[in-house]
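The values are calculated or read from the model by the stated rules, or taken from the named source; none is laboratory data. This is a predicted model, so every value here is computed, not measured. Cβ placement follows ideal geometry from the backbone for every residue including glycine, while neighbour counts extend to all protein chains displayed.
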């Protein structure tokens with residue numbers, strides 16, 4: 001006697017002949033959640049709010065902003081492909097968020113992003129801080145002005161227009177008095193207060209000093225460079241624009257006029273900082289002098305070398321390339337993106353800073369990026385390239401010898417401590433363990449072609465890959481479990497998705513609404529068994545379906561002909577049609593409830609022993 005029973009359910013293996021697959025595997029599996037061995041229906045996507053996506057058109061990218069707010073609060077969305085990451089910024093309370101794909105690279109933050117409508121983000125700014133344009137800048141060097149010099153015998157008392165910054169015993173040089181007794185170099189000063197000092201004279205003059213009076217501290221000139229930077233409203237500082245060399249004697253005043261103000265463009269700058277060297281080469285350290293507001297056009301440097309501040313932090317910082325795309329975040333707070341044939345890496349925890357030394361060029365076109373650990377996976381039109389390192393300027397490059405090109409930039413998903421993407425032959429995967437074709441035991445490129453690999457948009461869901469495809473005739477999806485290799489299909493479609501890092505939920509854009517994946521009422525699962533073969537023609541007489549609830553639709557095929565389609569209402573065995581024999585059989589179930597087992601047999605006893 002013969003029976004065919006399934007007590008544990010698996011996914012599809014499209015690459016294998018239906019008669020050769022294991023009994024628990026399927027020739028078709030749709031809308032299933034295969035985590036326990038039972039045939040569990042996936043739950044339908046649950047709409048979390050009405051028309052949360054208000055921009056007109058098909059939504060291609062979504063992102064949940066306000067991650068400490070309810071999930072319905074603020075959904076960034078675009079009708080084209082955009083990559084979004086949240087910045088790793090110390091003590092950030094404004095949720096700084098960075099994105100590429102919407103023109104030049106941009107950033108936004110709260111409350112600007114969500115103020116003034118629902119077409120989020122409502123406000124954004126060009127990412128990076130550019131160098132100021134110094135073409136109109138004028139620089140004048142002058143001695144410090146002395147407003148008066150009076151005498152008391154052979155002691156001169158001088159008052160300066162600006163604080164003189166002398167110390168008692170310091171040297172001062174006096175110029176411009178009509179009576180030469182007041183003038184001279186290396187006079188020894190005695191400080192009275194911040195604006196007044198005295199110095200000795202060689203003889204008593206006839207009267208108080210007259211003339212255009214000034215002073216400096218004498219000595220050899222310093223050869224200086226000045227540098228000017230823009231600073232954003234968030235305190236981000238850009239690379240400096242550097243002046244020509246100039247000679248300045250200690251104590252002289254350097255006056256800047258026609259300083260650059262706001263540059264043309266959607267920038268968010270609020271001030272300018274001034275730095276200078278004291279020793280005279282471009283390799284010398286630039287140290288802080290002072291800062292002025294963005295609108296201010298004048299700055300006076302009367303700072304002594306001994307009073308200079310900290311070194312410039314942004315000497316090598318550059319704004320990202322205007323065409324930067326496929327932005328990702330990886331280890332140590334660094335961002336990475338693509339520009340032309342380059343992968344570009346930002347300074348750690350400085351998302352606005354993209355030095356030239358953090359740019360890596362390839363001889364094959366990069367398509368997309370992913371990351372795991374301290375590695376960036378550069379997916380290309382050829383084999384992948386892995387960049388590894390903990391600093392933007394010290395990434396080592398390893399070209400994967402055996403790999404697959406990426407045929408859909410939107411298919412890239414980071415999961416299972418690696419990166420997965422759509423290739424022409426299936427889902428490819430790379431991690432610390434190397435490269436692998438993740439679906440090689442389930443599909444060949446022939447079966448994979450049905451899903452139109454170049455159309456696939458992929459997302460992470462509890463360490464499973466969820467893909468949606470459009471092959472010109474069907475728009476639908478599939479799920480691939482990285483751990484079990486279970487593969488099953490979805491009978492619905494989404495144009496965009498987003499996996500929330502805080503709650504692990506996968507959200508989907510369907511029309512103008514946002515849906516939470518696997519969160520609503522049970523979908524109807526469909527599972528079709530392998531083809532069971534017998535050595536000689538037989539007539540299966542009984543069947544049984546064990547489920548947690550009913551009804552369950554049951555279908556029986558014999559030699560590929562449908563023999564029975566029945567709504568099963570309980571766990572009792574039932575008779576199958578008589579009058580036919582066949583050597584191949586398969587059965588199918590459709591259900592909104594968990595199915596624990598299905599069996600067919602030639603006798604009731606056989607069935608009773610095989611399935612509870």
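Within the stretch 507-525, does at least one residue satisfy the condition of being at positive phi, in a loop (DSSP other than H, G, I, E, B) and at pLDDT 95 or above?
Filtering the stretch 507-525 down to residues at positive phi leaves 511, 518.
Cutting the leftovers down to in a loop (DSSP other than H, G, I, E, B) gives us 511, 518.
Cutting the leftovers down to at pLDDT 95 or above gives us 511, 518.
Yes, the stretch 507-525 contains at least one residue that is at positive phi, in a loop (DSSP other than H, G, I, E, B) and at pLDDT 95 or above.
One line per residue, one yes/no per condition, for (1) outside any loop (DSSP other than H, G, I, E, B); (2) within 24 Å of residue 308 (Cβ to Cβ); (3) more than 31 Å from the chain's Cα centre (by Cα):
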| position | (1), (2), (3) |
| --- | --- |
| 197 | yes, yes, yes |
| 213 | yes, no, yes |
| 230 | yes, yes, no |
| 247 | yes, yes, yes |
| 260 | no, yes, yes |
| 267 | no, no, no |
| 271 | yes, yes, no |
| 275 | yes, yes, yes |
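Answer yes if at least one residue in the stretch 566-575 is surrounded by fewer than 16 Cβ atoms within 10 Å (Cβ to Cβ) and in contact (Cβ under 8 Å) with a residue 40 or more places away in the chain, and no otherwise. Within the stretch 566-575 (the criterion being surrounded by fewer than 16 Cβ atoms within 10 Å (Cβ to Cβ) and in contact (Cβ under 8 Å) with a residue 40 or more places away in the chain), the answer is no, since none of the residues qualifies.
Output yes when any residue across the stretch 446-456 is in a strand (DSSP E or B) and modelled with pLDDT of 95 or more, and no when none is. Can you show your working first?
Keep residues of the stretch 446-456 that are in a strand (DSSP E or B), which gives none.
There is no residue in the stretch 446-456 that is in a strand (DSSP E or B) and modelled with pLDDT of 95 or more.
Quick check: is even one residue across the stretch 123-146 surrounded by 19 or more Cβ atoms within 10 Å (Cβ to Cβ), within 19 Å of residue 213 (Cα to Cα) and in contact with a helix residue (DSSP H, G or I) (Cβ under 6 Å, 6 or more places away or on another chain)? No, there is no match, as no residue in the stretch 123-146 is surrounded by 19 or more Cβ atoms within 10 Å (Cβ to Cβ), within 19 Å of residue 213 (Cα to Cα) and in contact with a helix residue (DSSP H, G or I) (Cβ under 6 Å, 6 or more places away or on another chain).
Among the residues examined, residue 483 qualifies as modelled with pLDDT under 95, surrounded by fewer than 16 Cβ atoms within 10 Å (Cβ to Cβ), assigned to a loop (DSSP other than H, G, I, E, B) and outside the structural domain of residue 598 (by TED's automatic domain parsing). Here is a check on your reading of the model: is residue 300 over 20 Å from the mean Cα position of the chain (by Cα) and part of a strand (DSSP E or B)? Considered against the rule, which asks whether it is over 20 Å from the mean Cα position of the chain (by Cα) and part of a strand (DSSP E or B), residue 300 comes out as yes.
Among the residues examined, residue 554 does not qualify as part of a loop (DSSP other than H, G, I, E, B) and surrounded by 15 or more Cβ atoms within 10 Å (Cβ to Cβ). Checking 278, 233, 241, 262 one by one, the residue that is touching a helix residue (DSSP H, G or I) at 6+ places or on another chain (Cβ under 8 Å), farther than 30 Å from residue 153 by Cβ and surrounded by fewer than 20 Cβ atoms within 10 Å (Cβ to Cβ) is 278 and no other.
Considering (1) modelled with pLDDT of 95 or more; (2) surrounded by fewer than 22 Cβ atoms within 10 Å (Cβ to Cβ); (3) at positive phi; (4) touching a strand residue (DSSP E or B) at 6+ places or on another chain (Cβ under 7 Å), the lone condition that residue 31 does not fulfil carries the number (2).
Could you list all residues from the stretch 386-401 that are closer than 23 Å to residue 433 by Cβ and free of Cβ contacts under 8 Å to residues at least 40 places away in the same chain? Talk me through it step by step, then tell me what you get.
Just the residues of the stretch 386-401 that are closer than 23 Å to residue 433 by Cβ, to begin with: 386-390, 395-401.
Selection gives 388, 389, 396, 397, 398, 399, 400, 401.
Within the stretch 425-432, at least one residue is in a loop (DSSP other than H, G, I, E, B) and buried (at least 18 other Cβ atoms within 10 Å of the Cβ).
Identification of strands (runs of 3 or more DSSP E) wholly contained in the stretch 36-80 with 1 or more residues that are out of contact with any helix residue (DSSP H, G or I) (no Cβ under 7 Å at 6 or more places or on another chain) and without any contact (Cβ under 8 Å) to a residue 40 or more places away in the chain yields 74-78.
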